[in-house]
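Nothing in this text is a laboratory measurement; each read-out follows from the coordinates by a stated rule. Only a predicted model underlies this, so the values are computations on that prediction, with no experimental measurement involved. With ideal geometry, Cβ positions are generated from the backbone for all residues, glycine too; neighbour counts draw on all protein chains shown.
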Amino acid sequence: MEMVKEFAARRDKVIELVKEIPGIDCPEPEGAFYVFPDMSTYFGKKDGDTIIRNASDLSLYLLNKGHVSSVMGDAFGEPKCIRFSFANSMKNIEEGWRRIKEALAKLK
């Protein structure tokens, strides 16, 4: 029962952190250990020579710029979304979302 509470706290924290990032629509997961936000607001934006055309580009960008691993939504039939796990420590979750927010802020 303790892990159920811990994962609920992690989910709540991730939802709180996601809401701090403009343009992301993220439904609250009910029983999963990941969030699956619509990230399409960042499609068409760029950072230098890097152009974000789709979720695959954005997932790779977040890996290269923010050093955060994710899975593009195409793998799950949702091409506008990216899947981010919160099966990690609260400290790592907070650091990961700090990096995501920082990387996304560079896209213009």
Options [x] 16.6, 44; [y] 13.5, 44; [z] 13.5, 48 for Rg and Dmax of the Cα atoms in Å; the value derived from the coordinates is listed as [z]
Between residue 105 and residue 7, Cβ-based FRET efficiency (R0 35 Å, step 0.05) works out to 0.80
Picking from 77, 55, 27, whose Cα lies most toward the positive end of the charge dipole for the chain (charges on Cβ: Lys, Arg +1; Asp, Glu -1)? 55
Spin-label point model (7 Å from Cα, Cβ direction): what's the residue 94 to residue 74 distance in nm? 3.6
Sum of -39500 (n - 2.57) over DSSP H runs of 4+, divided by residues of the chain (222 nm, nearest 500): -14000 deg cm²/dmol
Env charge @ residue 96, Cβ radius under 12 Å, K,R +1 / D,E -1, value +3
Taking springs between alpha-carbon atoms closer than 10 angstrom, which of 49, 38, 25 fluctuates most in the Gaussian network model of the chain? 49
Given +1 on the Cβ of Lys and Arg, -1 on the Cβ of Asp and Glu, and no further charges, what dipole in debye does the chain carry about its Cα centre, rounded to the nearest 20? 360
Summed over the other residues with a beta carbon less than 11 angstrom from that of residue 36, with K and R at +1 and D and E at -1, the charge totals -2
